[in-house]
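J.: Got a structure for you, questions after.
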Amino acid sequence: MLQRTAKGKQCREYFISCEEAWNSPDKIMERALQIAHRRALEAERRIFGLLEEKETLEIALNESIQFYTVAKYNGAFKKGWSLAQCQLIGKQLSAYCRARAIQIRKCETNDERFGSVNSYPVSAWDDFMEVGLYA
């Protein structure tokens, strides 16, 4: 701006005072506190979202602990069944559960050969193994 006129000089002094106010330590701290407060609120929102997700995953995990696929049961209880035996046991256990109206769940596997497989409740496994219907 040109300060050749009184109005120009007045404008220049106004902008200099605005800049000095903006750069004053009090204003800098105020802006820093506002930014910190905003970040704290965002972090708190993220934490609450993650806590809800954690609770959901814990519920799902507790439910999944109560169900075993044939491969998971074979590994967990060290049965040593072959793939063919696992397939046969899966068919027999599926028929056993359907005959007794026991809930069977579908679950996705990491093995691309199988895709989704059935998952059976622990109680059904216990009964099935006790009866000795498996090969």
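J.: May I ask you to list the residues in segment 113-129 that are free of Cβ contacts under 8 Å to residues at least 40 places away in the same chain and in a strand (DSSP E or B)?
T.: Selection gives Ser116 alone.
J.: Among the residues of segment 83-110, write down those that are charged (D, E, K, R) and touching a helix residue (DSSP H, G or I) at 6+ places or on another chain (Cβ under 8 Å). Step through it out loud before you land on a result.
T.: Residues of segment 83-110 charged (D, E, K, R): 91, 98, 100, 105-106, 108.
Matches in segment 83-110: Arg100 only.
J.: Continuing with the same structure: Quick check on segment 65-78. Is at least one of its residues part of a loop (DSSP other than H, G, I, E, B) and touching a Ser or Thr at 6+ places or on another chain (Cβ under 8 Å)?
T.: To start, the set of residues in segment 65-78 that are part of a loop (DSSP other than H, G, I, E, B) comprises 66, 69, 77-78.
Now narrow it down to the ones that are touching a Ser or Thr at 6+ places or on another chain (Cβ under 8 Å): 69.
Yes, some residue in segment 65-78 is part of a loop (DSSP other than H, G, I, E, B) and touching a Ser or Thr at 6+ places or on another chain (Cβ under 8 Å).
Residue by residue, here is whether (1) under 30 Å from Ala21 (Cβ atoms); (2) in contact with a Ser or Thr (Cβ under 8 Å, 6 or more places away or on another chain); (3) assigned by TED's automatic domain parsing to the domain that holds Ala21 holds:
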| residue | (1), (2), (3) |
| --- | --- |
| Ala40 | yes, no, yes |
| Leu50 | no, no, yes |
| Glu53 | no, no, yes |
| Arg98 | no, no, no |
| Asn118 | no, yes, no |
| Pro121 | no, no, no |
| Ala124 | no, no, no |
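J.: Let me ask something else about it. Please verify whether Tyr96 is in contact with a Leu (Cβ under 9 Å, 6 or more places away or on another chain), among the hydroxyl-bearing types (Ser, Thr, Tyr) and touching a residue at least 24 places away in the same chain (Cβ under 8 Å), treating the condition exactly as stated. Lay out the reasoning, then the answer.
T.: Numbers: in contact with a Leu (Cβ under 9 Å, 6 or more places away or on another chain): yes; among the hydroxyl-bearing types (Ser, Thr, Tyr): yes; touching a residue at least 24 places away in the same chain (Cβ under 8 Å): yes.
For Tyr96, the condition - in contact with a Leu (Cβ under 9 Å, 6 or more places away or on another chain), among the hydroxyl-bearing types (Ser, Thr, Tyr) and touching a residue at least 24 places away in the same chain (Cβ under 8 Å) - is met.
J.: Condition first: under 15 Å from Tyr120 (Cβ atoms) and of a type in the set (A, V, I, L, M). Now tell me which residues in segment 68-91 satisfy that.
T.: As a first pass, look at segment 68-91 and keep what is under 15 Å from Tyr120 (Cβ atoms): 68-77, 79, 81, 86-91.
Across segment 68-91, the qualifying residues are Val70, Ala71, Ala76, Leu88, Ile89.
J.: OK, next. Across segment 1-30, which residue is surrounded by the fewest Cβ atoms within 10 Å (Cβ to Cβ) among those that are assigned to a loop (DSSP other than H, G, I, E, B) and at pLDDT 90 or above? Walk me through how you get there before you give the answer.
T.: Pass one, segment 1-30, residues assigned to a loop (DSSP other than H, G, I, E, B): 1-5, 23-24.
From what's left, at pLDDT 90 or above: 23-24.
Values: Asn23: 9, Ser24: 11.
Result: Asn23.
The values are calculated or read from the model by the stated rules, or taken from the named source; none is laboratory data. Bear in mind that the values here come from a model prediction, so they are computed numbers and not experimental data. Note: ideal-geometry Cβ built from the backbone for every residue, glycine included; neighbour counts use all protein chains shown.
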